[in-house]
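Right, one structure below, let's go through it.
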Amino acid sequence: MWRRYGDAIYTLVTFAVFGFETLALGALSISFLLGSTTGIASTPVEGVLLATLTSTASALALLGFFLLGYHFTSSLRDRWHAEQLDVWTERWIGLALEDTPADEIADSPTPRRLPRAAVDAVLSLLEVVKGEEGDRLKAVLARHGVDRLLLRHLRSGHLTARLDAIESLGKARLPQAFDALLSLLEHPKPVVRRMAVRAAAGTLATMTPEPGPEGPGGRFIQALKGASVQSGVAQESLLLLETRAGAVLRDLLAEPDLGDRLRWVVLETIGRLGLADMTEQVAAFTVHHDPELRAAAFRALHRLAAVPEGAQASLLDSLEHEVDFVRVQASHAAAFLPAELALPALEPRLGDDSWWVRRAAAASMARLGDDGVATVKRAAEIHPDQAARDMAVQILLEAGVLDPAAARLVKGVA
Amino acid sequence: MSETLRPKDARILVVDDERVNVVLLERILEQDGYTNVRSTTNSEQAVALYDELEPDLILLDLHMPGLDGFAVMERLEPRIATDTFLPILILTADIRPEVKRRALSAGAKDFVTKPFDRTEVLLRIQNLLQTRFLHLRLNPELATEGQAT
């Protein structure tokens, strides 16, 4: 029911109506409290009561009519907008696919200033299509001054208008808006920074790569380094870089003054995007003094399904790290070590104090071929620690090596 | 099932909750000569349309309200004979490898990332259909008996 447009008048009327009611009912209450009522049926009280009831009824009727009218006009407006959206979508698709010559669209049927439905339609299409078709649609926005209008709205003092403009520019991915979006990463409002970094990342993904700090990638990196955005937001923006992500992430990791929080984000993103060609860069962090970064490096290696030879020693050391979440991630990554290295190091971790380490160690061993499964089976039967035996049985069950009946038998044997 | 085994006669089903995407894909396919395209913006109808059309290719969005692309593939799985190659081309803005892995294990055969390039979409569709029809040539009984199990 709460809408972005018409909110102000809706709020005003609601407050006026309820304020009026409150005053009237307040007056009635005070008149009762002051003992002016020797009898409820006395004429002045009846008058106040009648006036209050009348005003309340009028106010409620007014509110009711307003609400009904509001919903009626809203649904009419939405239906009309949807119809217009369909009409404009067809026209823009025709233009994008060259069914309709650009001149024909630019001529009389298309107003100089595009209606909202036309802009919404072209922005929705730009979310789906790129290449030559996308470029034709972007040209439409430029021809009708939509890009300039949106850039003007980026500086609007009205937050909703500004957020709308950022969202639209994020869909349009216009290179001419890139620097304006980057400048918003210093905005005092977190919501503006969050939307701006997303829109800028999406735009960068479509821009022509240029090397060096003055190129769009370099400018994005500098803006991101200086921006106060949450780790999740930074990671989301890096994911939105699509095919440009690898180059930006590589440059970010090479930045000497990159903060640890952003480094952590970069390592996470490399893992999530599965950028296998960055395994060596990630492996360099497996000896980092910060446990968060070291764990992030192991988590990334686990996701990349690779542990370079140079990182094998640090992984084996980290299996005994004092911080449990480092041991957890190292245990997960150990699934990608040679079995003869991993198994002797993982087996003791079955008796780790941390449930998570025991689980990660058992799961990794179960992935290390027949020898690994045999080791877990043996642990399920004869490990001196009950928690280790239970975890081994659980992992064998999950891996389908044991069925529930066999698992009960193994527990019985133990 | 296509008896003529010509890619342009292929039956194509488009399932995407965004009407704009559906219209765009329809036009792209139509312009490239595909004449047998059905679409829906309601993923709940995907299975019924599949039964009705018996498509040679499904273009499927992953993130949809209600029944998402994974759930649609799950519902279609028992209807697709194990020896049939029914290509499902996923259209998604989600580029994370785990999403791709999950979709591939659910039955998807290829991906197109949104925003997409028209040429790329058409080439992927063409490749998948060629594979589909080669498979049908090798298993002619599937082409005549229907693919639903």
Conditions first: (1) surrounded by 14 or more Cβ atoms within 10 Å (Cβ to Cβ); (2) within 21 Å of residue A:304 (Cβ to Cβ); (3) of a type outside the set (Phe, Trp, Tyr). Residue A:338 passes all but one, so which condition is the exception?
(1)
Go through region B:5-17 and count every residue that is surrounded by fewer than 17 Cβ atoms within 10 Å (Cβ to Cβ) and farther than 30 Å from residue B:139 by Cβ.
0
When you scan region A:145-157, do you find a residue that is in a loop (DSSP other than H, G, I, E, B), out of contact with any helix residue (DSSP H, G or I) (no Cβ under 7 Å at 6 or more places or on another chain) and at positive phi, even just one?
yes
Looking at this structure, is residue A:185 in contact (Cβ under 8 Å) with a residue 40 or more places away in the chain, buried (at least 17 other Cβ atoms within 10 Å of the Cβ) and touching a Lys or Arg at 6+ places or on another chain (Cβ under 7 Å)?
yes
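Yes/no matrix, rows are residues, columns are (1) within 13 Å of chain A (Cβ to nearest Cβ); (2) in contact with a Phe, Trp or Tyr (Cβ under 9 Å, 6 or more places away or on another chain); (3) at pLDDT below 90; (4) assigned to a helix (DSSP H, G or I):
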{"site": "B:78", "(1), (2), (3), (4)": "no, no, yes, yes"}
{"site": "B:84", "(1), (2), (3), (4)": "no, no, yes, no"}
{"site": "B:100", "(1), (2), (3), (4)": "yes, yes, yes, yes"}
{"site": "B:119", "(1), (2), (3), (4)": "yes, no, no, yes"}
{"site": "B:124", "(1), (2), (3), (4)": "no, yes, no, yes"}
{"site": "B:131", "(1), (2), (3), (4)": "no, yes, no, yes"}
{"site": "B:141", "(1), (2), (3), (4)": "no, no, yes, yes"}
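For (1) in a helix (DSSP H, G or I); (2) of a type outside the set (Lys, Arg), each residue gets a yes or a no:
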{"residue": "A:299", "(1), (2)": "yes, no"}
{"residue": "A:302", "(1), (2)": "yes, yes"}
{"residue": "A:307", "(1), (2)": "no, yes"}
{"residue": "A:313", "(1), (2)": "yes, yes"}
{"residue": "A:320", "(1), (2)": "no, yes"}
{"residue": "A:327", "(1), (2)": "yes, no"}
{"residue": "A:331", "(1), (2)": "yes, yes"}
{"residue": "A:334", "(1), (2)": "yes, yes"}
{"residue": "A:341", "(1), (2)": "yes, yes"}
Mind counting the residues in region A:346-365 that are in contact with a Leu (Cβ under 9 Å, 6 or more places away or on another chain) and surrounded by fewer than 21 Cβ atoms within 10 Å (Cβ to Cβ)?
1
Members of region A:52-88 found to be more than 30 Å from residue A:122 (Cα to Cα), of a type outside the set (S, T, N, Q) and either surrounded by fewer than 13 Cβ atoms within 10 Å (Cβ to Cβ) or out of contact with any helix residue (DSSP H, G or I) (no Cβ under 7 Å at 6 or more places or on another chain) (or both), listed by number:
A:53, A:57, A:60, A:61, A:64, A:65, A:67, A:68, A:69
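This table checks each residue for (1) modelled with pLDDT under 70; (2) exposed (fewer than 15 other Cβ atoms within 10 Å of the Cβ).
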site	(1), (2)
A:9	no, yes
A:13	no, no
A:21	no, no
A:27	no, yes
A:33	yes, yes
A:40	yes, yes
A:43	yes, yes
A:50	yes, yes
Looking at (1) assigned to a strand (DSSP E or B); (2) within 14 Å of chain A (Cβ to nearest Cβ); (3) touching a Pro at 6+ places or on another chain (Cβ under 7 Å), find the lone condition where residue B:13 falls short.
(2)
Given (1) within 16 Å of residue B:129 (Cα to Cα); (2) in contact (Cβ under 8 Å) with a residue 60 or more places away in the chain; (3) more than 14 Å from chain A (Cβ to nearest Cβ); (4) assigned to a helix (DSSP H, G or I), residue B:8 misses just (2)
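The values are calculated or read from the model by the stated rules, or taken from the named source; none is laboratory data. What you see is a predicted model; the values in this text were computed from it and never measured. In this analysis, Cβ positions are derived from the backbone assuming ideal geometry, glycine residues included, and neighbour counts consider all displayed protein chains.
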